[in-house]
Amino acid sequence: MATVPDVAPGAPVTPLLDDAALHALYEFTELIAANVRSARQRERVVRAARVPLTRAGLNGLRIIERHGPIAVSDLARRLGVDQSTASRQLRPLEEARLIARAVDENDRRVAWLSLTPKGRRVVARTTEAWLEDYETALAGWSATDRAHLGELLDRLRNDLAKSRLNGGKP
């Protein structure tokens with residue numbers, strides 16, 4: 001169970017700071033973020049890809065898988081980079097034939113990106129490498145508990161996405 005940090009005597013304790021469930025969730029997300037940033041984990045995932053990938057390339061593939069076909073400008077926004085940086089990061093993915101670029105019929109300035117069959121296989125292999133950690137952690141859980149956790153996490157993900165769209169207000 002998560003512990004609530006000590007607060008200086010006399011300092012006001014807000015309901016947020018006193019909520020052990022929120023602290024547990026925060027600690028969980030910190031663990032996940034550390035895992036994503038881990039050089040060892042990245043090496044394992046890239047090994048599973050069986051093609052050379054940078055972190056940016058891997059992120060790009062995952063975004064294209066989720067939202068493709070996607071405009072280069074939208075991909076750049078989702079990666080948090082400008083369009084020229086995104087294009088540079090995409091070049092090795094195109095050269096490796098992991099993604100395909102198509103020009104928009106109505107606006108030739110817009111390029112649409114999608115995964116190729118090879119790109120889909122790479123994403124599947126890297127996703128499987130990530131899922132192995134969860135499979136190991138949940139090995140002793142019942143199917144009911146696993147399903148319930150999945151439902152709750154999906155609900156949390158949806159609610160977080162909504163609150164982000166509303167400027168942090170649910």
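Structure above, values below:
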quantity: The chain, accessible area per residue, ligands and nucleic acids excluded (1.4 Å, Å²); calculated: 71 Å²
quantity: Cα centroid separation - region 16-41 against region 51-122, whole Å; calculated: 29 Å
quantity: By accessible area with a 1.4 Å probe, ligands and nucleic acids excluded, highest first: order of 136, 126, 29; calculated: 136, 29, 126
quantity: Region 22-83 - convex hull of the alpha-carbon atoms, volume per residue in Å³; calculated: 115 Å³
quantity: Cα centre as origin, Lys/Arg/Asp/Glu Cβ charges: the chain dipole, Debye; calculated: 1000 debye
quantity: Per residue, the convex hull volume that the Cα atoms of region 32-170 enclose (Å³); calculated: 147 Å³
quantity: Rounded to whole Hz, the Karplus (6.51, -1.76, 1.60) HN-Hα couplings of region 113-127, x for glycine and proline; calculated: 10, 9, 6, 8, x, 4, x, 5, 5, 5, 4, 4, 5, 6, 5
quantity: Reference-scaled alpha-carbon Rg (2.2 N^0.38 Å with N residues) for region 58-120; calculated: 0.99
quantity: Selection of trypsin sites (Lys or Arg not before Pro), region 81-170, meeting DSSP coil and at most 16 other Cβ within 10 Å; calculated: 97, 108, 109
quantity: Cα lying deepest toward the dipole's positive end in the chain, options 158, 24, 129, charges on Cβ; calculated: 129
quantity: Karplus-derived 3J(HN,Hα), 6.51/-1.76/1.60, for each residue of region 59-71, Hz, glycine and proline x; calculated: 4, x, 4, 5, 5, 4, 4, 6, 10, x, x, 9, 6
quantity: Amide H contacts of residue 110 (H built 1.01 Å from N, under 5 Å, at least 5 apart or other chain); calculated: 104
quantity: Linear extension gain, residue 43 paired with residue 152, 0.36 nm per residue minus alpha-carbon span; calculated: 36.2 nm
quantity: Taking the chain and dividing mean pair separation by its residue count, relative contact order in percent (alpha carbons under 8 Å, at least six apart); calculated: 17 percent
quantity: Which of 58, 41, 73, positive extreme of dipole for region 36-80 (C-beta unit charges); calculated: 41
quantity: Region 80-170, accessible surface, carbon-and-sulfur percent (1.4 angstrom probe); calculated: 54 percent
quantity: Stretchable slack from residue 17 to residue 145, in nm (0.36 nm times residue separation minus alpha-carbon distance); calculated: 43.3 nm
quantity: Region 84-141: proportion of alpha-carbon pairs further apart than 19 angstrom, %; calculated: 50 percent
quantity: For the chain, built as a Gaussian network whose Cα springs stay under 10 Å, the top-fluctuating residue of 160, 31, 90; calculated: 160
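The values are calculated or read from the model by the stated rules, or taken from the named source; none is laboratory data. This one's a predicted model, so the numbers in the text were calculated from it and none came from an experiment. With ideal geometry, Cβ positions are generated from the backbone for all residues, glycine too; neighbour counts draw on all protein chains shown. Remember, those area values only see protein heavy atoms, side chains included, never the ligands or the DNA or RNA. Shrake-Rupley method; radii C 1.70, N 1.55, O 1.52, S 1.80 Å.
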